[in-house]
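Below is one structure; the comments refer to it alone.
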Amino acid sequence: MSKTIPPTCPEPATGRTYWRSLDQVSDTPEFREWLHREFPAGASELTDPVTRRHFVKIMSASFALAGVGLGLTGCRKPEEKVEPFGKQPEGYVHGVASYYATAMPTRRGAIPLVAKSHDGRPVKVEGNALHPDSNGGTDRFAQASLLNLYDPDRATKFVKGSSVTTAQAAQDFLAELSVKFTKNKGASLAFLVEPSNSPSRDRLAALVKGVMPSMGWFTHDPVDSGVHAAAASEFFGQAVTPTFRFDKADVIVSLDCDFLGSEEEVHNNIRRFSSGRRIEKPEDKLNRLYVAEGLMTLTGANADHRKRMPSSAVIKGASVIAATVGAGVGSAADLSGEDAKWFVECAKDLLANKGASLVVAGAGQPLAVHALAYAINAALGNIGKTIEFSAGASTGGTIQQLAKALDAGAVDTLVILGGNPGNTAPAELNWAAAQRKAKTVVRLSYFEQDETSAACDWQIPAAHYLESWGDARTTDGTLVPIQPLIAPLFGGMTEIEILARIAGSSVVGAYEIVRETFAGFVSGDVEGAWRKFLHDGFLAKSAAKTVSVSLKSSAVSAALSSAKATNGLEVVIRPDYSVDDGRFNNNGWMQELPDPITKFTWDNAVLVSRKTATDLGVANNDVVKITVNGRSVEGPIWVQPGQADGVLGVTLGYGRTKTGRVGTGTGFNAYTIRTSDSLHIATGAKVEKTGKTYPLSCTQEHWSMEGRAIIREANLEQFKEHPDFAKSMNLHEPPKPAGEQGVWPKPLYPNPLDAVKPSAHHQWGMSVDLNACVGCSACVIACQSENNIPIVGKDQVRRGREMQWLRLDRYYTTDKERFKPRAGAWYMPPRDEEQQYQSWIDEVQVVTQPMMCQHCESAPCESVCPVNATAHDNEGLNVMAYNRCVGTRYCSNNCPYKVRRFNFFDYNKRPIDQLYKGPFGKRKEDEWDLLKMAKNPEVTVRMRGVMEKCTFCLQRIESAKISAKVKAGAGTFDKIPTDSFTTACAQACPAGAIVFGNVADPNSKVSKLKAQSRDYSVLEFLLTKPRLTYLARVRNPNKAMPDYYEAPLSLQEYESKMGNPFESHGGGHEAGHEAAPAGHAAEKGAH
Amino acid sequence: MASDATATALPTVPKELERIPLVSNNRSPGWISDRVAGICEGKTPAWWWAAFIPSLILAGVLLCMLAYQISTGVGVWGNHHPTAWAWDIINFVWWIGIGHAGTLISAILFLLRQKWRTGVNRAAEAMTIFAVMCAGIFPAIHVGRVWFDWFLFPIPNSNSIWPQFRSPLMWDVFAVSTYFTVSLLFWYVGLVPDLAVMRDRAKSKIRQFLYGLFSLGWTGSNRHWSNYEKAYLILAGLSTPLVLSVHSIVSLDFAVSQVPGWHTTIFPPYFVAGAIFSGFGMVLTLLVPLRRWCHLEDIITMRHIDVMCKVTLATGSIVGYAYIMELFISWYSGSPFERFAFLNRIKGPYAWGYWCMMGCNVILPQLFWSKKIRENLWIVFIISILVNIGMWFERFVIIVISLHRDFLPSNWAYYLPSPVDILTYLGTFGLFFTLFLLFMRFLPMIAISEVKGVTPHADPHTVEGGAKGGHH
């Protein structure tokens, strides 16, 4: 990451004062008048009380911050007083961003972050690469969390009953509570909190418990993410939290565990998993992933072997594995035939990798499956090797217990800190009514209006993590600070502030609380350690110690005996890839993020397999009514390739009855059928057709790659035999002239880039490793945040007008036999809506490819632009001059990758809750004021009628260049230090699959990657010479498996259509063309 | 001629070689003037109002649609990714194509001494001008930021940014504007003698003044005629290459790109043939009813209809050949992407569009091989309309079908037009017919002086030995 060079110190205020005229000395009204006319903008700003106050309110806190932080320690003076710039703070340069280490708290940990602030506004978050358990990548939620800060539907007021009150009144009320419940020892006081591992919160909770020993402390986690820790604690007989070390495992078996997608700690899992997928040479080792699952998940999409089976049947597979590896539990007879063989072979592979294998059970699986998984891991000697344990924490009561207490009238005052139980509580608790049984409900809430707010007496606006002090532990136990970048926009409070007030503590400021907690962790120079803590963003060597554990077989067998039999259709309920449990429901970026698998935006659907759809007599977009456990919900059907038969997949977080402007009217609410005893899998569902249809907005309508060599794959064996397999799939280029050893003649119109290349400092390029990419989509949101990409709304996505510069193409592939009917010359791919009826979609492999501007050296978009709005710069970038663009869209037509995006309406100015008001529609002030603040000031906000596209984060290139030039000073500027900065997508990628850099520098990472034999460019035969090349994917299947294929399915499709690429080595299917790929490679290596 | 010529008997022409006269019923020059000028002078017929009012309303619709689209954004249309061009460019190319027949008839046929052109050239030229006006709307407004259209013109500016001369859209700007200017001049120059006729016949002061103003002081003197004919010849010479260049250049919008289905060298000649084809289709559509409603059967004779049907047949066959050649080349190229693009036209989601095009453009015009059909005005009229529908679909096939499924299947999508697309297109008909109806009501829709020049009376060698050419 680029560190901005501290600028020279501004002129000191001491010294002589000069005046310009006698008028100035006497400060006459005439002079003031003149001053006004001379500097109208600044002068007015400082004298108009209204705008000035606004200015101060928003900016001042962070200015004070910047004053002490920049270039020094990144810490903040404890004074809370904030003042406008009477005098510019030392080291502050207007327009230069500053960076602060902070962290985003998650359910089970935190994501260490570095947040970028521009003039006091946080504009981008990035992973903290310094953190010992991070590579600087994040998940998509962390990237999108920035937009939550500027959500116009945030809670902005303190509310008592239905009237607005003041912060002081709320604080007084909390003090009253403190007095009241200190007297009665907290009897009939209950807290409902979200899971958190913040040491400060733990400390304050203990403080509250100290003065109010009878208070109730309940935790509600809608997605039940603590199940891994709970299961481990049960089976190992002590409170422990497991960490799955996918990086240490050569063979990984996922029992319906979506550890790359919807589980907790996805960014760490992806980093660890893909470290075993990175491969440089054919001799390198590759891990192997087996997945048995009901829905098609990101994890299944990355599997080497995937078994589709109902989620409720996964236990049988686990049982077979357990029996085969000799775990002392399970039975090999639970499955038969092919199914049994699959798990037996899987178990054999595990046995061959004792101590270097890992079996994980999904959070949605019953305890029995977790029991089997731990038993298998124990039998394989994986405990302590690929699964590490650290001490766990107790969580308090459950929401079910709280509901019981409420129903019994045992709760007088309920304090809800965060969360939205009105929406997310299990359906049978009838939460809204239960909550109302408390006399007083106090709530710290992030949104003005939601399902919980109606039944509250006090509503206190919550502060965003970017505007509050706090602390957390990442899952490895390392202590991280949550540091504000801006004073709370709406004066929100944090849960630790509320807890401190209720505890009656004398220290109620969040900063002091956190500081006090921190002091307990260090000895000696607390101030120095604190400064370093805030600067680095973590406390070094504070990671949790691993504890050794041993399996309690009695607990395992007890869990196994409790396993329930299942029958009939089952509903599998998962958190959503986009809106999670509903907390990102009002976040436009997440709503518009195409689901990595289904590619839906703005909705969820009832996912079914083709066969199930046929059995039910339904087709895509048909609205069905699912009834399970006596509760029902209506949602549209979508046929999902690769899904298990008899499974209805639904996701949480949509269909909110009360939410903000963005989330209103999206999807259906799966919480309504979710009860405590079937939180994840509910069996015995009934499905009725309603006769209605519902349109879904999908960003990718065609499912098959149609045998085209777009994503290139081979099995490890094939890679060993043909290290340059990716290039053998090149289509032949136009024939080169004979007699000149295949050298192209000098073109009639030489590319000007070729002439400037040797003298330019850098040549930018990118490499995307398709083997490391799991398709998590963090890059898409990072790009959206960095580049001010607007959201367009569901209706516009449906019309194919989404604006994301970076998209993930996802294709389903099938085997040779099933592809054969489609390989003929006369085959025509079906209309998109007919794909759901084709039988090949039952068993598919999934391939994913990040697709953005390829920055072609000879770019087809450039020559067709009539106004010169898109052109090449001398560093090989295809640049857009937005000001010059008139919007003929010709460039988009001529772009073979179709990566250019056109702003059809003024999407930035469009009200978010409606389509388009026409020319005179205006965005509401509050919306616009806030959303403006989320914009990156280094990137133009494009208006309508302009074509836009990936720039390789030109603004980052330029600022790195400026820094390097400043550093060089009077000396000669040669080039930016190798790999000293990167693009937003590359930075966010937890897998490190995207690498950007200077291809003219042979030492850069990207040059080395491009030199690998797997390197290829998409549609190379068009001779566009993309600067973005891909590293082909290599799968690592097991020959003994019943579903083993000699070649990946995409390669089989290609072969059916184009012939075996390895036979006529050289891709061209003509004799005498052998030299082409080699020549091509040499040519590529040269730049 | 020597006086002894009278001694020898006139050679008798065998019946089967006898030419059908270009003006039938042996109409006199006076009758021609009266009949043609009469259209502008008499009482406005009811059918004119019946046609004009809806046209004017439709033109108003066009205006509203344009205002809505310009103020709101291109998003009001159905265009999307990947089909970034759709009805906007289809309509542009379609109208430009229609605008081809007029100049072809007036310039190329003039140079080739095809005298039958005189009966239809004026109306056809007017049609050309109005069609090019309709066409010109689309490239101007289809862009995202209409107010920056001037970026497309090579205007020196302080940024020293010039247009991109490699872009075919740039070439379009020059080609279309040149074509329009020359066509307009050509049309106007041809009108001058007839405007003088109108002036001389005019009864009201306003008419006298206006016709007088625009007839540029024409007296019909020998000097005027001599200059006029030179100018006309020069303009014909200038227009001739333009007929070929405009649509060639429009076709380069596609041919220069690398979209499978667009990237084809056959496009320039094939587009020109298609344009003439559709232009003649439109001339027939207009003149078949007009000759009846305006009682011009003696000037626009069945021979004219017959010849135009033959031209339609010939160009339609060229177009058909091009379609088949395209298919062959896509197969012969060996490129899977090219093959797919064409197969997708034939069998893909928009196959109905392709077969609509094939039926209307290739199969139906073949009916014109039959003389009976060429003589049946109802069938001619219907086929002429279908030809234009077919040609609209040709552009639909090229633009939408090629774009909607290109290289990466992840981009594939199905395009649907929006109501604004449809209303804008219909609106251009309103504009076209409004202008055309005004033209035929106020300007002589037949080139009076030229028609007189091709009557038997004008031929000194005929038995009638009539007028010595020119003005009455």
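Listing for the model above:
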| item | result |
| --- | --- |
| For B:S370: the one exception among (1) over 21 Å from A:L1022 (Cα atoms); (2) touching a residue at least 40 places away in the same chain (Cβ under 8 Å); (3) more than 13 Å from chain A (Cβ to nearest Cβ); (4) out of contact with any helix residue (DSSP H, G or I) (no Cβ under 7 Å at 6 or more places or on another chain) | (2) |
| Filtered residue count, the stretch A:752-792, keeping only those that are under 20 Å from the mean Cα position of the chain (by Cα), over 29 Å from A:S1050 (Cβ atoms) and among the small types (G, A, S) | 1 |
| Qualifying residue in the stretch B:412-429 (condition: open to solvent by 20 Å² or more (accessible area, probe 1.4 Å), free of Cβ contacts under 8 Å to residues at least 24 places away in the same chain and within 14 Å of chain A (Cβ to nearest Cβ)) | yes |
| Check on B:P409, of a type outside the set (D, E), free of Cβ contacts under 8 Å to residues at least 12 places away in the same chain and open to solvent by 30 Å² or more (accessible area, probe 1.4 Å) | no |
| Selected residue (only one of A:T440, A:T475 is under 16 Å from A:K160 (Cβ atoms), open to solvent by 10 Å² or more (accessible area, probe 1.4 Å) and β-branched (V, I, T)) | A:T440 |
| Breaking point among (1) within 23 Å of A:L1022 (Cβ to Cβ); (2) within 13 Å of chain B (Cβ to nearest Cβ); (3) surrounded by 22 or more Cβ atoms within 10 Å (Cβ to Cβ), for A:R712 | (2) |
| Candidate set from the stretch A:763-810 (those that are over 30 Å from A:S1056 (Cβ atoms) and part of a strand (DSSP E or B)); member that is farthest from the other protein chains (Cβ to nearest Cβ) | A:W764 |
| Filtered residue count, the stretch B:430-447, keeping only those that are hydrophobic (A, V, I, L, M, F, W, C), open to solvent by less than 20 Å² (accessible area, probe 1.4 Å) and within 20 Å of B:W48 (Cβ to Cβ) | 7 |
| For A:G969: the one exception among (1) more than 14 Å from every other protein chain (Cβ to nearest Cβ); (2) modelled with pLDDT of 85 or more | (2) |
| Test: residue in the stretch A:452-464 that is in a helix (DSSP H, G or I) and open to solvent by 20 Å² or more (accessible area, probe 1.4 Å) | yes |
| Answer residue from the stretch A:404-421, given it is in contact with a strand residue (DSSP E or B) (Cβ under 9 Å, 6 or more places away or on another chain) and not in a loop (DSSP other than H, G, I, E, B) and is most open to solvent (accessible area, probe 1.4 Å) among those | A:A405 |
| Boolean, B:S384 is under 30 Å from A:F1021 (Cα atoms) and either away from every other protein chain (no Cβ under 12 Å) or surrounded by fewer than 22 Cβ atoms within 10 Å (Cβ to Cβ) (or both) | no |
| Failed item, numbered, when A:D153 is tested on (1) at pLDDT 90 or above; (2) out of contact with any helix residue (DSSP H, G or I) (no Cβ under 8 Å at 6 or more places or on another chain); (3) charged (D, E, K, R) | (1) |
| All positions within the stretch A:864-892 that are without any contact (Cβ under 8 Å) to a residue 24 or more places away in the chain and either within 7 Å of another protein chain (Cβ to nearest Cβ) or over 26 Å from B:H263 (Cα atoms) (or both) | A:V867, A:N868, A:D873, A:A881, A:N883, A:R884, A:T888 |
| Matching residues in the stretch B:341-351 - criterion: being within 8 Å of chain A (Cβ to nearest Cβ) and within 11 Å of B:P260 (Cβ to Cβ) | B:L343, B:N344 |
| In the stretch A:811-839, the residues that are more than 35 Å from the chain's Cα centre (by Cα) and either within 14 Å of chain B (Cβ to nearest Cβ) or open to solvent by less than 40 Å² (accessible area, probe 1.4 Å) (or both) | A:R822, A:A823, A:G824, A:A825, A:W826, A:Y827, A:M828 |
| Filter result for A:F952 (open to solvent by less than 40 Å² (accessible area, probe 1.4 Å), among the hydrophobic types (A, V, I, L, M, F, W, C) and within 14 Å of chain B (Cβ to nearest Cβ)) | no |
| Of the criteria (1) more than 30 Å from A:Y1054 (Cβ to Cβ); (2) of a type outside the set (D, E, K, R); (3) out of contact with any Lys or Arg (no Cβ under 9 Å at 6 or more places or on another chain); (4) open to solvent by less than 30 Å² (accessible area, probe 1.4 Å), which one B:L343 fails | (1) |
| Of the criteria (1) within 14 Å of chain B (Cβ to nearest Cβ); (2) out of contact with any Gly (no Cβ under 7 Å at 6 or more places or on another chain); (3) at pLDDT 90 or above, which one A:E1053 fails | (2) |
| Hits in the stretch B:287-298 (condition: crowded, with 21+ Cβ neighbours inside 10 Å, of a type outside the set (K, R) and not in a loop (DSSP other than H, G, I, E, B)) | B:L287 |
| Single match in A:A559, A:A555 (criterion: in contact with a Pro (Cβ under 9 Å, 6 or more places away or on another chain), touching a residue at least 60 places away in the same chain (Cβ under 8 Å), closer than 24 Å to A:A231 by Cβ and not in a strand (DSSP E or B)) | A:A559 |
| For A:I711: the one exception among (1) at pLDDT below 90; (2) part of a loop (DSSP other than H, G, I, E, B) | (1) |
| Residues satisfying the stated conditions in the stretch B:130-168, i.e. crowded, with 21+ Cβ neighbours inside 10 Å and more than 10 Å from chain A (Cβ to nearest Cβ) | B:F130, B:A131, B:V132, B:C134, B:A135, B:F138 |
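Here is a yes/no grid of residues against (1) modelled with pLDDT under 90; (2) within 28 Å of A:N430 (Cβ to Cβ):
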{"position": "A:A644", "(1), (2)": "no, no"}
{"position": "A:G665", "(1), (2)": "yes, yes"}
{"position": "A:T672", "(1), (2)": "no, yes"}
{"position": "A:T690", "(1), (2)": "no, yes"}
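Per-residue answers, yes or no, for (1) under 20 Å from the mean Cα position of the chain (by Cα); (2) crowded, with 22+ Cβ neighbours inside 10 Å; (3) hydroxyl-bearing (S, T, Y); (4) under 30 Å from B:Y321 (Cβ atoms):
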residue: B:V192; (1), (2), (3), (4): no, no, no, no
residue: B:L213; (1), (2), (3), (4): no, no, no, no
residue: B:F254; (1), (2), (3), (4): no, yes, no, yes
residue: B:Y270; (1), (2), (3), (4): yes, yes, yes, yes
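Okay, residues lined up against (1) within 30 Å of B:A341 (Cβ to Cβ); (2) touching a residue at least 60 places away in the same chain (Cβ under 8 Å); (3) away from chain A (no Cβ under 14 Å):
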{"position": "B:N227", "(1), (2), (3)": "no, no, yes"}
{"position": "B:A231", "(1), (2), (3)": "no, no, yes"}
{"position": "B:P241", "(1), (2), (3)": "no, no, yes"}
{"position": "B:H247", "(1), (2), (3)": "yes, yes, yes"}
{"position": "B:G261", "(1), (2), (3)": "yes, yes, no"}
{"position": "B:P268", "(1), (2), (3)": "yes, no, yes"}
{"position": "B:F277", "(1), (2), (3)": "yes, yes, yes"}
{"position": "B:M282", "(1), (2), (3)": "yes, yes, yes"}
{"position": "B:L286", "(1), (2), (3)": "no, yes, yes"}
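The values are calculated or read from the model by the stated rules, or taken from the named source; none is laboratory data. Computed from a predicted model, the values in this text were never measured in an experiment. Counting neighbours? That spans all protein chains shown, and the Cβs are built from the backbone with ideal geometry, glycine included. Note: accessible area is taken over every heavy atom of the protein model, side chains too, but ligands, DNA and RNA are not part of it. Shrake-Rupley method; radii C 1.70, N 1.55, O 1.52, S 1.80 Å.
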